[in-house]
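Reading through the structure tokens given below for one structure.
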Amino acid sequence: MIDTNFLKDLGIGKSNSGTCDGINWLSLDSTERHIVSPVDGNLIASVYETDEKSYEKLIDTSKDAFKKWRKVPAPKRGEIIRQIGNELRLNKDSLGKLVSYEMGKSLQEGLGEVQEMIDICDFAVGLSRQLYGLTMHSERENHRMYEQWHPLGIVGIISAFNFPVAVWSWNAMIALVCGNVCVWKPSEKTPLSAIATHKIINKILRENKLEGVLSLVTDCENKILGKKIASDSRVSLVSATGSTKMGKSVAQVVGSRLGKSLLELGGNNAIIISQYANIDIAIRASVFGAIGTAGQRCTTTRRLIIHESIYESFAKKLVKAYDQISIGNPLDEKNHMGPLIDKHAVKMYLEAIDKVKKEGGKALIDGDVLEGKFFKSGCYVKPSIYEVENNFSVVQEETFAPILYVMKYSSLDDAIKKQNDVPQGLSSAIMTTKISEAEEFLSSLGSDCGIANVNIGTSGAEIGGAFGGEKETGGGRESGSDSWKAYMRRQTNTINYSGELPLAQGIKFDI
């Protein structure tokens with residue numbers, strides 16, 4: 001029996017509104033949907049979804065809020081975010097448990113996700129005094145040129161189930177400090193974590209009278225709200241995290257109205273295991289990368305490209321390490337891996353296994369659905385390993401499950417070619433103690449991914465670096481570095497303080 005007192009601590013009742021303007025909760029007479037935990041198959045709570053009338057009201061409220069919020073000096077916006085971060089600190093334990101229970105990731109990962117929210121708040125507070133522009137020399141006498149950055153307006157945030165709260169915060173805290181207002185549509189699979197987050201920040205928004213600055217809408221299973229946000233010309237930027245298929249749809253809809261989109265999509269991440277690798281580190285990185293969040297991270301390690309000289313010995317050690325993985329209730333810290341998000345995810349897992357076998361894959365650890373009284377939800381699966389060729393069609397795809405593909409390489413050029421020879425380009429890594437290999441992997445001749453690591457795995461990115469990838473990963477960047485620029489519009493300014501009107505490029509125009 002799982003202790004769910006954390007629901008009460010977070011203000012989650014049997015029935016909950018899924019629509020909030022930051023202060024007020026709406027849509028209590030709309031469609032009610034039940035949310036079941038993949039951990040034990042039990043009902044957590046129900047959610048009243050956002051209806052058309054409430055959506056329109058929220059957008060109107062957000063438009064009005066933006067007119068006021070953009071006038072607030074950035075350091076004062078940072079102060080609001082500091083207060084939000086402090087509230088998250090006070091509620092870290094309870095929210096981390098809800099994330100674990102609703103999504104199925106381990107408690108340590110759930111707590112880590114809330115810590116990411118706290119960290120990005122701290123980052124945004126510092127950023128509030130660093131939204132720098134540039135000053136350029138004009139080619140004309142007595143002229144000054146510079147560029148500055150202005151907020152966009154309403155930022156729509158569409159987040160995925162695998163990180164039900166952290167990815168919202170990456171976007172929202174940066175967008176907020178830049179002077180935007182945000183409307184969040186969480187995954188229809190994990191709305192309660194989003195509702196709990198808004199209940200936590202309600203206090204700060206209410207105390208500062210910030211209605212409409214951070215808003216929440218929740219969707220139903222036909223996913224109409226995501227399409228609505230993407231097509232809404234009142235939403236200046238749509239930041240969408242999810243599958244490549246979803247991202248292509250969002251990009252097409254937003255692009256048709258010449259809107260802005262920020263896409264963080266699928267990954268097919270590989271670790272190259274060199275003959276010069278520290279094997280102990282490589283094994284640990286490979287196992288966590290493959291089975292963390294039950295393989296449901298966009299940065300999950302899906303492929304190991306292992307030098308042929310160590311392939312057999314490394315594979316044996318990998319299988320032995322997998323034998324030590326404890327699977328079960330993710331809120332029990334003794335367990336390394338919890339369930340997949342739902343039975344549809346289990347179906348996709350089984351289909352991928354069937355496909356890899358048909359294409360000629362050899363099972364080092366064969367996958368299966370786990371049964372027994374501890375696995376009654378039907379969402380627990382066995383992490384598996386298959387020996388494959390990189391060109392198998394199933395290997396070219398992203399399967400959100402703990403399925404690891406292993407293959408051999410002969411030279412570093414061969415390994416990098418295999419690493420890059422997939423449609424996705426999110427995260428990558430090489431395990432080597434040879435500096436020339438590390439440098440080549442990080443050079444323009446190396447990894448084509450947005451993230452390239454040496455002697456750490458593909459998952460576990462820090463908030464200080466811009467997060468995102470290339471190719472079918474979408475090209476967007478969230479979180480740290482200068483990713484704040486995606487949430488603002490650039491403006492170039494020229495000031496003439498002379499008494500004449502000289503034209504650029506020496507053009508003469510006398511009248």
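The values are calculated or read from the model by the stated rules, or taken from the named source; none is laboratory data. Bear in mind the structure is a predicted one, so any value in this text is a computation, not a measurement. Because the Cβ atoms are built from the backbone with ideal geometry, glycine has one as well, and the counts that use them run over all protein chains shown. Heads up: the accessible areas ignore ligands, DNA and RNA and are worked out on the full protein's heavy atoms, side chains in. Shrake-Rupley method; radii C 1.70, N 1.55, O 1.52, S 1.80 Å.
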* Any idea which residue in the range 466-480 is farthest from Met117 (Cα to Cα), counting only those that are at pLDDT 95 or above and part of a loop (DSSP other than H, G, I, E, B)? -> Glu472
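Out of all the residues in the range 337-356, which are touching a helix residue (DSSP H, G or I) at 6+ places or on another chain (Cβ under 7 Å) and in a loop (DSSP other than H, G, I, E, B)? Step through it out loud before you land on a result.
Filtering the range 337-356 for residues touching a helix residue (DSSP H, G or I) at 6+ places or on another chain (Cβ under 7 Å) gives 337-341.
Scanning the range 337-356 gives Gly338, Pro339, Leu340, Ile341.
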* Asked: How many of the residues making up the range 426-448 are open to solvent by 10 Å² or more (accessible area, probe 1.4 Å) and more than 22 Å from Lys245 (Cα to Cα)?
  -> 13
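Going through the range 265-286 one residue at a time, which ones are more than 21 Å from the chain's Cα centre (by Cα) and of a type outside the set (Lys, Arg)?
Hits for the range 265-286 are Ile272, Ile273, Ser274, Gln275, Tyr276, Ala277, Asn278, Ile279, Asp280, Ile281, Ala282, Ile283.
Given the criterion farther than 20 Å from Gly41 by Cα, touching a strand residue (DSSP E or B) at 6+ places or on another chain (Cβ under 7 Å) and open to solvent by 10 Å² or more (accessible area, probe 1.4 Å), identify the matching residue among Leu364, Leu370.
On the way: Leu370 fails: farther than 20 Å from Gly41 by Cα.
From the options Leu364, Leu370, the qualifying one is Leu364.
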* Structure fact -> Of the residues in the range 136-159, those that are among the polar types (S, T, N, Q) and either open to solvent by less than 20 Å² (accessible area, probe 1.4 Å) or in contact with a Gly (Cβ under 6 Å, 6 or more places away or on another chain) (or both) come to Gln148, Ser159
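In the range 8-27, what count of residues is obtained for those that are in contact (Cβ under 8 Å) with a residue 60 or more places away in the chain and open to solvent by less than 20 Å² (accessible area, probe 1.4 Å)? Break it down stepwise before answering.
Initially, the range 8-27 is screened for residues in contact (Cβ under 8 Å) with a residue 60 or more places away in the chain, giving 9-12, 16-24.
Pick out the ones that are also open to solvent by less than 20 Å² (accessible area, probe 1.4 Å) and you get 10, 12, 16-22.
The qualifying residues number 9.
Go through the range 481-511 residue by residue and tally those that are in a loop (DSSP other than H, G, I, E, B), over 38 Å from the mean Cα position of the chain (by Cα) and among the small types (Gly, Ala, Ser). Before the answer, list the steps.
Within the range 481-511, the first condition is being in a loop (DSSP other than H, G, I, E, B), and the residues that meet it are 481-482, 497-503, 507-511.
Add one more test, that the residue is over 38 Å from the mean Cα position of the chain (by Cα), and what stays is 497-503, 507-511.
In the following step, the residues that additionally are among the small types (Gly, Ala, Ser) were identified as 498-499.
Going through the range 481-511 one residue at a time, the tally reaches 2.
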* For the range 28-45, what are the residues that are surrounded by fewer than 19 Cβ atoms within 10 Å (Cβ to Cβ), of a type outside the set (Lys, Arg) and at pLDDT below 95? -> Leu28, Asp29, Thr31, Glu32
* Taking the residues in the range 189-222 that are open to solvent by 10 Å² or more (accessible area, probe 1.4 Å) and either at pLDDT below 95 or hydroxyl-bearing (Ser, Thr, Tyr) (or both) as candidates, determine which candidate is nearest to Ala74 (Cα to Cα). => Cys220
* Are there any pairs, at least 6 apart or on different chains, whose C-beta atoms fall under 8 Å, with the first in the range 412-423 and within 11 Å of Val395 (Cβ to Cβ) and the second open to solvent by less than 40 Å² (accessible area, probe 1.4 Å) and aromatic (Phe, Trp, Tyr), and if so, which? -> Lys418/Tyr409
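Which residues, counting only those in the range 9-27, are at pLDDT 95 or above and not in a strand (DSSP E or B)? So that I can check it myself, show each step before the final result.
Within the range 9-27, the first condition is being at pLDDT 95 or above, and the residues that meet it are 9-25.
If the condition is that a residue be at pLDDT 95 or above and not in a strand (DSSP E or B), then Asp9, Leu10, Gly11, Ile12, Gly13, Lys14, Gly18, Asp21, Gly22, Ile23, Asn24 are the ones that fit.
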* **Criterion: open to solvent by less than 50 Å² (accessible area, probe 1.4 Å), farther than 27 Å from Ile305 by Cα and out of contact with any Cys (no Cβ under 7 Å at 6 or more places or on another chain) - qualifying residue of Pro502, Pro423** => Pro502
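Among residues belonging to the range 450-465 that are within 21 Å of Val287 (Cβ to Cβ) and part of a loop (DSSP other than H, G, I, E, B), point out the one that is most open to solvent (accessible area, probe 1.4 Å).
Pass one, the range 450-465, residues within 21 Å of Val287 (Cβ to Cβ): 451-462.
Checking the rest, the ones that are also part of a loop (DSSP other than H, G, I, E, B) come to 455-462.
Values: Asn455: 58, Ile456: 92, Gly457: 13, Thr458: 5, Ser459: 20, Gly460: 52, Ala461: 44, Glu462: 153 Å².
Ranking the candidates gives Glu462 first.
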* the range 212-228: number of residues that are under 24 Å from Lys199 (Cα atoms) and outside any helix (DSSP H, G or I) -> 11
* Asked: Out of (1) open to solvent by less than 10 Å² (accessible area, probe 1.4 Å); (2) under 22 Å from the mean Cα position of the chain (by Cα), what's the single condition that is false for Ile385?
  -> (2)
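Condition first: part of a helix (DSSP H, G or I) and touching a strand residue (DSSP E or B) at 6+ places or on another chain (Cβ under 9 Å). Can you find one or more residues in the range 31-40 that meet it? If you could, list the steps in order and put the result at the bottom.
Residues of the range 31-40 that are part of a helix (DSSP H, G or I), as a first pass: none.
No, because not a single residue in the range 31-40 is part of a helix (DSSP H, G or I) and touching a strand residue (DSSP E or B) at 6+ places or on another chain (Cβ under 9 Å).
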